[in-house]
Amino acid sequence: MDYNDAGDIRERCEKIVSVLDMNHVDLSRVAFMRSKGTSTRNTVARCHGLSRVMQLGMNIKAFYVIEVIHEKFDKLSDEEQTKVLIHELMHIPKNFGGGFRHHDFVCRSEVDKMYKIYNDRTNPTNESKWFKF
């Protein structure tokens with residue numbers, strides 16, 4: 001597998017974090033990578049965390065990596081990509097301690113709610129679609 005820095009994903013996540021007030025996500029301690037060459041079938045992206053024991057052993061603070069899988073992620077529509085990024089960011093818990101929020105919280109319905117908020121805040125409302133006579 002090849003891994004490359006994904007500055008475009010960082011920029012998109014910076015916007016998502018800002019718009020959705022995900023202030024607990026310390027973007028200075030999150031890396032964004034694009035992988036290529038995976039054999040995974042259903043995975044589009046992953047959130048990796050540095051475990052507590054590794055943090056203590058290395059005497060460093062928590063750190064996360066959000067990985068998007070080129071073969072799957074880059075084929076998605078902009079809307080679906082945004083939902084995937086929201087999903088991965090939602091895995092980062094409020095304490096930013098290296099652990100994860102699991103799929104009992106990070107699920108399609110919660111991601112859809114967050115995406116609606118994101119979309120409402122980033123897209124100006126359209127003028128009335130009713131005809132004026």
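Quick notes on this one:
- Those residues of the range 71-88 which are surrounded by 16 or more Cβ atoms within 10 Å (Cβ to Cβ) and of a type in the set (A, V, I, L, M), in sequence order: Val84, Leu85, Ile86
- Lone unmet requirement of (1) out of contact with any Lys or Arg (no Cβ under 6 Å at 6 or more places or on another chain); (2) within 21 Å of Ser109 (Cα to Cα); (3) in a loop (DSSP other than H, G, I, E, B) for Lys75: (2)
- Taken over the range 31-54, the residue count meeting the criterion of being in contact (Cβ under 8 Å) with a residue 40 or more places away in the chain and closer than 16 Å to Ile92 by Cα is 7.
- Residue in the range 60-69 that is closer than 24 Å to Lys116 by Cβ, modelled with pLDDT of 95 or more and among the acidic types (Asp, Glu) present: no
- Pairs are defined by a Cβ separation below 9 Å, a sequence spacing of at least 6 or placement on different chains, a first member in the range 87-101 that is free of Cβ contacts under 8 Å to residues at least 40 places away in the same chain and farther than 16 Å from Val68 by Cα, and a second member that is crowded, with 16+ Cβ neighbours inside 10 Å and of a type in the set (A, V, I, L, M); the pairs so defined are Arg101/Met90; Arg101/Ile92.
Matching residues to (1) touching a helix residue (DSSP H, G or I) at 6+ places or on another chain (Cβ under 7 Å); (2) under 23 Å from Ser18 (Cα atoms); (3) among the small types (Gly, Ala, Ser):
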position: Ile60; (1), (2), (3): no, no, no
position: Glu67; (1), (2), (3): no, yes, no
position: His70; (1), (2), (3): no, no, no
position: Asp78; (1), (2), (3): no, yes, no
position: Gln81; (1), (2), (3): yes, yes, no
position: Val84; (1), (2), (3): yes, yes, no
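- Residue in the range 107-117 that is under 20 Å from Ala6 (Cβ atoms), in a loop (DSSP other than H, G, I, E, B) and not β-branched (Val, Ile, Thr) present: no
- Sole residue being among the hydrophobic types (A, V, I, L, M, F, W, C), at pLDDT below 95 and at positive phi, chosen from Phe96, Phe100: Phe96
- For the range 11-27, the criterion of being assigned to a helix (DSSP H, G or I), at pLDDT below 95, more than 11 Å from the chain's Cα centre (by Cα) and surrounded by 15 or more Cβ atoms within 10 Å (Cβ to Cβ) is met by none of the residues.
- Scanning the range 34-70 for residues that are surrounded by 15 or more Cβ atoms within 10 Å (Cβ to Cβ) and part of a helix (DSSP H, G or I) gives Gln55, His70.
- There is no residue in the range 95-102 that is in a helix (DSSP H, G or I) and either over 16 Å from Glu14 (Cα atoms) or touching a helix residue (DSSP H, G or I) at 6+ places or on another chain (Cβ under 7 Å) (or both).
The values are calculated or read from the model by the stated rules, or taken from the named source; none is laboratory data. If you're wondering where the values come from, they're calculated on a predicted model, not measured in any experiment. Quick reminder, even Gly has a Cβ in these numbers, built from the backbone with ideal geometry, and neighbours come from all protein chains shown.
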